[in-house]
Amino acid sequence: MLEIKNLHARVAETGTEILRGIDLKVEAGEVAAIMGPNGSGKSTLSYILAGREDYEVTQGDILFNGESILEMDPAERAASGVFLAFQYPLEIPGVATMTFLKTAVNAQRKARGESELTTPDFLRRVKTSAADLKIDMDMLKRPLNVGFSGGEKKRAEILQMALLQPSLCVMDETDSGLDIDALKIVSDGVNALRGPDRAFLVITHYQRLLDHIVPDTVHVLYKGRIIRSGDKSLALTLENEGYAQIIGEAA
Ligand code: ADP
Ligand code: MG
Ligand code: MG
């Protein structure tokens, strides 16, 4: 589903190289974890997958279902099934969360040539997904993310994901800011979306998320390169030994 080939990317404004040759394949149905110390380029990788303009790809390619997405803007990527759950979800004053969700769902449907959901249809879907994520419907009347707690913001991200039903879900440190109960709710929400036609890139600094969302593969990103890949046991090794050991071996 996703093939990243020798991806090099830099910050457009300053030319600082952040990604220095990433190779990664993620199959449909696979949950791949990306781990790595702070500053490795994990968020940058997620932004580049989503098509954020502040970065320039200088070499390599990103294939999604066999086709390069580098020339596609973020809206086109989203419509084709790429979703990014942000590490730091933005607050959008003046836009009710419910309005935002409905606009996003219908924009995606329109881009795919499907008819818009009627309000009752839409509400039914929101109610079901919100209940699964223990999100109060009153919260959805408030402006998007404004005054939401850390955990509420992350649950709102997963609610978007559940409604949009993307085929590639990129989740950037969804566990940060979550207490144990919220971690369980969010992980259950993600696990419910796992399936043979969907792939996940779960970015996390810590192993604890991977106790709940058990990955098929684990990749360690450091200074813009993947320095180690393995199965879920690699995350446990990292938990026990820290990153220093693997970084030392890679050097
Ligand atoms: P991670 O998510 O792994 O903590 P990031 O992708 O946020 O890492 O950042 C990787 C490196 O790139 C860091 O050193 C960060 O300071 C730098 N970086 C990311 N975006 C920019 C930017 N827009 N301008 C300058 N430096 C950036
Ligand atoms: Mg970071
Ligand atoms: Mg980050």
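Among the residues that make up region 20-38, is at least one of them out of contact with any helix residue (DSSP H, G or I) (no Cβ under 8 Å at 6 or more places or on another chain) and at pLDDT below 95?
Here is the first cut: in region 20-38, the ones out of contact with any helix residue (DSSP H, G or I) (no Cβ under 8 Å at 6 or more places or on another chain) are 20-21, 23-32, 38.
Retained after the next criterion (residues that are at pLDDT below 95): 38.
Yes: one or more hits.
Please determine, by comparing only the residues of region 116-175 that are in a loop (DSSP other than H, G, I, E, B) and over 24 Å from residue 202 (Cβ atoms), which one is farthest from the chain's Cα centre (by Cα).
118
Quick check on region 196-212. Is at least one of its residues farther than 30 Å from residue 106 by Cβ, among the basic types (Lys, Arg) and in contact (Cβ under 8 Å) with a residue 60 or more places away in the chain?
No.
Restricting to region 209-247, count the residues that are over 25 Å from residue 16 (Cβ atoms) and surrounded by fewer than 20 Cβ atoms within 10 Å (Cβ to Cβ). Walk me through it before giving the result.
Of region 209-247, the ones over 25 Å from residue 16 (Cβ atoms) are 209-218, 229-242, 245.
With the extra rule that they be surrounded by fewer than 20 Cβ atoms within 10 Å (Cβ to Cβ), the set shrinks to 211-212, 214, 216-217, 229-233, 236-237, 239-242, 245.
The qualifying residues number 17.
Looking at (1) without any contact (Cβ under 8 Å) to a residue 40 or more places away in the chain; (2) part of a strand (DSSP E or B); (3) within 7 Å of ligand 1 (Cβ to nearest atom), which is the one condition that is false for residue 25?
Just one mismatch for residue 25, condition (3).
Restricting attention to region 190-207, which residues are over 16 Å from residue 172 (Cβ atoms) and touching a helix residue (DSSP H, G or I) at 6+ places or on another chain (Cβ under 8 Å)?
191, 192, 193, 207, listed by residue number.
Checking the structure you have, find out if any residue of region 39-54 is within 15 Å of ligand 2 (Cβ to nearest atom), assigned to a loop (DSSP other than H, G, I, E, B) and under 15 Å from the mean Cα position of the chain (by Cα).
Checking region 39-54: at least one residue is within 15 Å of ligand 2 (Cβ to nearest atom), assigned to a loop (DSSP other than H, G, I, E, B) and under 15 Å from the mean Cα position of the chain (by Cα).
Are any residues in region 214-251 within 16 Å of residue 204 (Cα to Cα), among the small types (Gly, Ala, Ser) and out of contact with any helix residue (DSSP H, G or I) (no Cβ under 6 Å at 6 or more places or on another chain), and if so, which ones?
Of everything in region 214-251, those that are within 16 Å of residue 204 (Cα to Cα), among the small types (Gly, Ala, Ser) and out of contact with any helix residue (DSSP H, G or I) (no Cβ under 6 Å at 6 or more places or on another chain) turn out to be 224, 229, 230, 233, 242.
Filter region 192-224 down to the residues that are of a type outside the set (Gly, Ala, Ser), within 16 Å of ligand 3 (Cβ to nearest atom) and either over 23 Å from residue 88 (Cα atoms) or in a loop (DSSP other than H, G, I, E, B) (or both) and list them by number.
Residues satisfying the conditions are 204, 205, 206, 223.
The values are calculated or read from the model by the stated rules, or taken from the named source; none is laboratory data. The structure displayed is predicted, hence computed values, not measured ones. Quick reminder, even Gly has a Cβ in these numbers, built from the backbone with ideal geometry, and neighbours come from all protein chains shown.
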